[in-house]
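**Q** This structure is in structure tokens; I'll ask about it shortly.
Just so it is clear, none of the values below were taken in a lab; they were calculated from the coordinates. Keep in mind it's a predicted model, so treat the numbers as computed, not measured. Reconstructed Cβ throughout: ideal geometry from the backbone, glycine too, with neighbour counts over all protein chains shown.
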């Protein structure tokens with residue numbers, strides 16, 4: 001049983017202390033000291049369910065849904081109210097959930113190592129933001145890669161090669177049910193006219209990849225999902241460098 005003061009420690013597995021570790025060792029500590037020191041190696045690249053990799057991690061249980069009712073429809077998202085029961089206290093609670101289609105952000109890289117970015121006004125923050133192309137998945141899109149290529153073409157006129165999925169997150173799992181994917185597209189060139197939606201007004205910017213960390217650190221890139229996508233790209237580059 002986990003008690004107050006119990007912690008997990010993560011460390012690179014033996015022989016994996018280079019620029020990027022392929023695996024980590026998980027050690028269970030009780031009150032800050034090993035008790036005893038069981039370890040489990042988990043591959044960085046493999047998807048291993050936590051409950052099968054390390055049974056002590058499987059303690060949080062899903063909440064049973066008792067009922068669900070619509071609470072609002074706002075065109076680009078809907079709201080529902082779910083009534084669930086706590087597996088710990090057995091008490092019932094109401095939770096508001098925002099349902100929305102999945103989103104895709106695009107890391108579009110040109111042959112001369114520049115990142116295709118866009119500037120646009122954002123109504124929520126009332127600011128002009130420097131972002132990467134992206135948008136909502138359409139029903140006709142066959143995959144996140146298809147959505148990414150479409151959004152890249154519509155917003156910037158660029159197209160590229162070898163679209164691949166390099167990341168997937170829940171934008172806000174506390175209140176939202178959708179996912180946001182990061183798609184990498186290489187060797188991008190501007191070959192199409194832009195096709196803005198009626199509510200869009202964008203300017204395309206080419207930013208050297210070497211400048212991106214400074215722009216994030218200095219607060220010039222503030223969109224959280226864009227920063228996540230850039231981090232996924234950084235991880236992808238590190239893994240590529242490690243394999244070389």
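**Q** Between residue 241 and residue 68, take the C-beta separation as r, use R0 = 41 Å, and let me know the FRET efficiency to the nearest 0.05.
**A** 0.30
**Q** Report the Cα centroid-to-centroid distance between segment 115-157 and segment 60-103 in angstrom, as an integer.
**A** About 28 Å separates the Cα centre of segment 115-157 from the one of segment 60-103.
**Q** For all pairs of alpha-carbon atoms in segment 182-244, what percent lies in each bin of width 5 Å, listed from the first bin to the last filled one?
**A** 3, 12, 18, 24, 21, 14, 6, 2, 1, 0
**Q** Moving on to the next point. Considering every pair of different Cα atoms, what Kirkwood radius, in Å, is found for segment 70-211? It would help to have the intermediate numbers written out before the result.
**A** On the way: mean 1/r = 0.0594 Å⁻¹.
In segment 70-211 this quantity evaluates to 16.8 Å.
**Q** Arrange the following residues from fewest to most other Cβ atoms within 10 Å of their Cβ: 180, 100.
**A** Listing 180, 100 from fewest to most nearby Cβ atoms yields 100, 180.
**Q** Turning to a different aspect of this structure: Taking only the Cα atoms of segment 54-114, how large is their convex hull per residue, in Å³?
**A** 158
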